[in-house]
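A short worksheet on the structure shown next.
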Amino acid sequence: MSPIVSSSHWSTWVQWSRFSAAVPKQGGTHHLNEQWPEYWAQQFGAHRYNVIDCLRGAIWRDPRVAWYYAQKPVAVRQRRRHRAV
């Protein structure tokens, strides 16, 4: 994902999603913005999304999953707006 993302792009995400991005020095093809998960959590947070690290633990030690896949998937959830009562 490009480091500069328009606000309209963020509004198109679904309420729940899985997100994964290359980490620094991972290398590979078409990795434009390699960042640590904390960077993406800040980006999502700025657009009213929470990043929940509930996926990596399930696959971290699974020998069938390559290290570069195991270290980066997270769940993303849109923050709900609460109406005043």
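Determine if the range 25-35 includes at least one residue that is exposed (fewer than 12 other Cβ atoms within 10 Å of the Cβ), in a loop (DSSP other than H, G, I, E, B) and among the β-branched types (Val, Ile, Thr).
Step one: list which residues in the range 25-35 are exposed (fewer than 12 other Cβ atoms within 10 Å of the Cβ), which gives 25, 27-30, 32.
From the residues that got through so far, the ones that are in a loop (DSSP other than H, G, I, E, B) too are 25, 27-30, 32.
The next check asks that each one be among the β-branched types (Val, Ile, Thr); those that pass are 29.
So far as the range 25-35 goes, yes, one or more of its residues are exposed (fewer than 12 other Cβ atoms within 10 Å of the Cβ), in a loop (DSSP other than H, G, I, E, B) and among the β-branched types (Val, Ile, Thr).
In the range 50-73, which residues are within 17 Å of the chain's Cα centre (by Cα) and aliphatic (A, V, I, L, M)? Even if it seems obvious, please write down each step before you answer.
Step one: list which residues in the range 50-73 are within 17 Å of the chain's Cα centre (by Cα), which gives 50-60, 67-73.
Scanning the range 50-73 gives Val51, Ile52, Leu55, Ala58, Ile59, Ala70.
Considering only residues that are surrounded by 15 or more Cβ atoms within 10 Å (Cβ to Cβ) and not β-branched (Val, Ile, Thr), look in the range 57-74 and name the one that is nearest to Arg18 (Cα to Cα).
Out of the qualifying residues, it is Pro73.
Laboratory data are not the source of any read-out in this text; all were calculated from the coordinates shown. Note that the structure is predicted; figures quoted are calculated from it, not measured. In this analysis, Cβ positions are derived from the backbone assuming ideal geometry, glycine residues included, and neighbour counts consider all displayed protein chains.
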